[in-house]
Amino acid sequence: MTAPTIDLLFRPFAFGATTLRNRIVMAPMTRRRSPEGVPGPDVAPYYRRRAEGGVGLIISEGTYIDHPAASAYPNVPNFFGAASLAGWSQVLAAVRQAGAKMIPQLWHVGAIRQCGMEPDATVPGYGPCAQIADGTTLVKAITEADMDDIAQSYGRGARTAQDLGFDGVAVHAAHGYLIDQFFWDVTNRRADGHAGSIENRCRFAVQVIRTIRRAVGPGFPIVFRFSQWKMNDYDARIANTPEELGIILRALAKAGADIFDVSARRFWLPAFAGSDLSLAAWARRLSGKPVIAVGSVGLDQPHQSKVYRRPDNVDAKVTDIGTVIERMSQGDFDLVAVARAILADSQWVEKIRRDAFGEIKPFTHAAMMAYE
Ligand SMILES: Cc1cc2nc3c(=O)[nH]c(=O)nc-3n(C[C@H](O)[C@H](O)[C@H](O)COP(=O)(O)O)c2cc1C
């Protein structure tokens, strides 16, 4: 039997109404180049370079839905409003011209927002549970009516993506933001039917996906990103067993999710005791849906979300991608997403296709702060 080769990554992949030219996805990366929520003039060229570099699908950086409490960080793009959407149209056109497909990642930060943050300092965060300090509500506990509003806001975002001509939509339900705050029992200590059992903790996510599916109709891909790890807790877990994971993923698949984007810091590590299977491999087996694996592809160090904008040592050296090929060939995942390696070197895909590993630029803090 011949060993699997890099060609495995360059097979096309059917994606909704379109076809991806290969299996390599640019992972979502917040870059904060969108003052007032409007993608700035350098944003389209930034994405275009990655498309020219050969990536098949680009998932945009997290982009805020039109709920008043969706945001927490400055210079992150909005996915609503004429000026922001005009900016996104330019990004999409640039990416398309260079042969890649693109989907926006819809984002609501939940309780990461606190009262006092821009754009409206009077708007508190909205999370599963209230946070009050010295009589000030920093975070409001979400009501059923708020859940409806937020789900509708996701639905409008997805419909906007469809109307603008994007190839699908991605939902950020990972890393400790709003949807994940419901999944995780540490942040979800509600006393109602949205807390406690794993079924209850996924109800809000299911509502969001159902609302999106209703807004876009059948055939428009919904990519759902989840993770065990959180920005500030690498060992956190939403599912303690494969059975729990299966409950979450099957509920989401039934609601309309098409592809699971399984965010890990190292894509190959075993997810649960007693098995070598990675989280992506489990997700594929349990959901019956295609999955994207991500985490330390092409780099020797994992993503350091705790320090990622500080000048701490976040450098990572270039590695080969033998494990990606091996694990893909054994059916663990369908697509692979790459974040920092493609941030540092826009031509990463083309270089691995040519087997020119020696030419690939490593990931450094300087690369992270630049926008090339
Ligand atoms: C600068 C930077 C910004 C990121 N922003 C986002 C984001 O907006 N949404 C998201 O889901 N993940 C975000 N991530 C996580 C990446 O998508 C990815 O999951 C993580 O970096 C692991 O992949 P890697 O090892 O290839 O870097 C970000 C990562 C980096 C380095």
Nearest 500 deg cm²/dmol is fine: what mean residue ellipticity at 222 nm does the chain get from its DSSP H runs of n ≥ 4 alone, each adding -39,500 (n - 2.57), divided by its residue count? -9500 deg cm²/dmol
Förster radius 35 Å - calculated FRET efficiency between residue 317 and residue 164 (Cβ-Cβ, nearest 0.05): 0.35
Could you order peptides 40-48, 176-184 by the average number of other Cβ atoms within 10 Å of their residues, highest first? 176-184, 40-48
quick note, region 234-364, DSSP beta bridge pairs, % antiparallel (nearest 5) is 30
How much length would be gained if the chain were fully extended between residue 273 and residue 131, taking 0.36 nm per residue of separation minus their Cα-Cα distance, in nm to one decimal? 47.6 nm
When averaged across all projection directions, what area in nm² does the alpha-carbon convex hull of the chain cover? 17.9
As computed over region 56-99, the Cα convex hull volume per residue (Å³): 73
Placing unit charges on C-beta atoms (Lys and Arg positive, Asp and Glu negative, everything else neutral), compute the dipole magnitude of region 1-151 about its Cα centre in debye, rounded to 20. 960
When the chain is modelled as a GNM with alpha-carbon springs shorter than 10 Å, which of 197, 89, 296 fluctuates the most? 197
Between region 182-202 and region 46-122, the alpha-carbon center distance in angstrom: 28
Percent antiparallel among DSSP beta bridges with both residues in the chain, to the nearest 5? 25
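Quick note: the coordinates plus some simple rules give every number you see, no bench work behind them. Since this is a predicted model, take the numbers as computed values, not measurements. All Cβ positions, glycine included, derive from the backbone under ideal geometry; neighbour counts span all protein chains shown.
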